[in-house]
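Notes follow the structure.
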Amino acid sequence: FSNAVIGLIATSEATKAKIVGLDKEKLAKEAELVAHNKTVAEKYLKEANEVLKSCGCRFSIRTPEDFSRRGASPVIDLGFELLGIDIDGKKFGDILSESDKRCLAFSLFIAKLNTDETKLKDKIIVLDDPFTSLDDNRQDNTIFQIKKLENKCAQVIVLCHYSQPMAELANDF
């Protein structure tokens, strides 16, 4: 073989070794990402479940056992528990009342805001009609959560059609 061919073979072998090393590094980084996502999800879902519980919801979000991948992004398939019974997340929307759905969305929003409170002090939060379909107890809890946000954010703007909860919010200003 000529020196050129021998050089190409050596380069090829070095490249194969480098690919094996990069594959190992990629697997380690993916495992690190899964562990990080699980930690963040547990904190986030714990916070969301606390808000749901304070709203009087009888369901909770179950922390997933597995974090799968679809394409290049990690995916969390949430499960739910209703009165101690596991419910498939795909069927859960058919079980909830409109009020429960709004509480779920609100609790996830609040949990997301609270996962990194250091960034909140510069944020302006806009809530569009957060009291729709809520009974008095859930309205009171939503008001409580909004009041907690007021102390953490630069500004909270609430748009609403209902005068009673808006009057309660306005009393504190």
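Take every DSSP beta bridge with both residues inside the chain and express the antiparallel ones as a percent of the total, to the nearest 5. Before the final figure, lay out the partial values.
Numbers: 10 of 15 bridges.
Restricted to the chain, the bridges split so that about 65 percent are antiparallel.
Under a 5 Å amide H to amide H cut-off, with H placed in plane at 1.01 Å, what residues pair with Val156 once short-range neighbours are removed?
Ile125
If each of Thr118 and Asn151 carries a label point 7 Å out from its Cα toward its Cβ, how far apart are those two points in nm?
2.1
Quick one: if the Förster radius is 45 Å, what FRET efficiency do Ala105 and Ala14 give, using the C-beta to C-beta distance and rounding to 0.05?
Efficiency computed from Cβ-Cβ geometry: 0.25.
Hey, if we sort Arg102, Arg58 by accessible area with the 1.4 Å probe, largest down, what's the order?
The residues order as Arg58, Arg102, largest area first.
Whole number in Å², please: accessible area per residue of region 18-173, 1.4 Å probe, ligands, DNA and RNA not counted.
64
Of all the accessible heavy-atom surface of the chain, with the other protein chains kept in place and a 1.4 Å probe, what percent is carbon and sulfur?
55
Filter the cross-link list Lys38/Lys152; Lys43/Lys147; Lys38/Lys123; Lys91/Lys112; Lys123/Lys152 down to pairs whose alpha-carbon distance in this structure exceeds 20 Å. Please list the in-between numbers first.
Details: Lys38/Lys152 26 Å; Lys43/Lys147 22 Å; Lys38/Lys123 26 Å; Lys91/Lys112 24 Å; Lys123/Lys152 9 Å.
Violating the 20 Å Cα-Cα cut-off are Lys38/Lys152; Lys43/Lys147; Lys38/Lys123; Lys91/Lys112.
Measuring from centroid to centroid over Cα atoms, what is the spacing of region 1-49 and region 80-119 in Å?
35
Ignoring solvent entirely, what values of log10 I(q)/I(0) come out of the Debye formula for region 25-173 at 0.15, 0.16, 0.17 Å⁻¹ when each Cα is a single scatterer?
Taken in order of the listed q values, log10 I(q)/I(0) reads -0.86, -0.95, -1.04.
The values are calculated or read from the model by the stated rules, or taken from the named source; none is laboratory data. Predicted model only: the values in this text are computed from it and were never measured. Every residue, glycine among them, receives a Cβ derived from its backbone with ideal geometry; neighbour counts consider all protein chains shown. The area values use the complete protein model at the heavy-atom level, side chains included, leaving out ligands, DNA and RNA. Shrake-Rupley method; radii C 1.70, N 1.55, O 1.52, S 1.80 Å.
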